[in-house]
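Derivation of every value follows stated rules applied to the coordinates shown; laboratory data play no part. All values derive from a computational prediction rather than experimental measurement. Cβ coordinates were reconstructed from backbone atoms using ideal geometry, including for glycine residues, and neighbour counts include every protein chain displayed.
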Amino acid sequence: MAIDINLNGKTALVTGGTMGIGAAIAGVLHQAGANLILTGVEAQQHIDDLNTKAKEKGIHNINYVRVDFTNQESIDSFFDYLDSYEKIDICVNNAGTNRNNPIDEISIEDYDLLLDVNLKAPFLITRYVSKRMKEANYGRIVNIASIWGIKSRSGRTVYTITKSGIIGLTKTSSIELAPYNILVNAVSPGFTLTELTMKTLPEKEFNELKSIVPAKRFAEPDEIAKLVLFLVSDLNTYITGQNIAIDGGFSNV
């Protein structure tokens, strides 16, 4: 018997949905029929172009919105925009950033940036959407954490702080929201072949990292996206409060 994941009639918010893992998540949710709200921090002209191109392709259920999660005015404006939607059934807190430095070289500016984007924004968004979801007695929230919230390595102090915090946010909010048929989970990707990874990771380091992953390869963004799709679909009716590592076995070595 074939199993069909159908998100027709559901509205999904995906932060950081313009590139990388976020774009892959947006792609599978769209294929499943969801109406999408996708945020990005690119220039407004780029966001406008994405909306124009979608409409030119006859796609009318995707809306791109520019949001700067380091700017409270931008965040407040975004929540005002979300108020115009009748409901938000699915939320994927995916937007994130990173800076790698030894702890004695971390600037306060970088510390604040990572906390604002990686941790404060998911908290604020979860606080907002949970109210809407409780009214509907339905919701699915997935927070994109990281293997660096499970283990760590040199240079990732602040990133690990934020991703560990995302896992904590997931656990506690899942307990509070479960009575309202709202399931909250975290997904922790390992090394993934995003555009940013391929641009910034030297070939030597890429090969070294690949060699220590038990699966001997990086993940494809689509592999992360399919796990998220399951968690936000009605195939998932009882999994909540979990952090699922999708890393080819790396967190076990």
So, with points 7 Å from each Cα along the Cβ direction, the His60-Thr197 label distance in nm works out to 3.8 nm
Given H placed on each backbone N at 1.01 Å, which residues far from Lys10 in sequence or on other chains put an amide H within less than 5 Å of it?
Asn35
Spelling out what I want: for every residue of region 68-76, take phi, set θ = phi - 60°, compute 6.51 cos²θ - 1.76 cosθ + 1.60 (Karplus), and round to whole Hz; glycine and proline get x.
9, 6, 9, 10, 5, 4, 5, 5, 4
Counting only residues 5 or more apart in sequence or on a different chain, those whose built amide H sits under 5 Å from that of Ile246 are Ser188, Gly190
Can you run phi through the Karplus equation (6.51, -1.76, 1.60; θ = phi - 60°) for region 139-145 and list ³J(HN,Hα) in whole Hz, with x for Gly and Pro?
x, 9, 10, 10, 9, 7, 8
Which residues' amide hydrogens lie under 5 Å from the amide hydrogen of Ala219, considering only partners 5 or more residues apart or on another chain, with H built in the peptide plane?
Phe191, Thr192, Leu193
At 7 Å along Cα-to-Cβ for each site, give me the label-to-label distance between Ala2 and Tyr111 in nm.
5.5 nm
Under the Karplus relation 6.51 cos²θ - 1.76 cosθ + 1.60, θ = phi - 60°, what is the ordered set of whole-Hz ³J(HN,Hα) values for region 176-187, x standing for Gly and Pro?
5, 9, 4, x, 9, 6, 10, 9, 10, 9, 10, 10
Efficiency of FRET from Cβ geometry, Thr237 and Ile212, R₀ 30 Å, rounded to 0.05
0.25
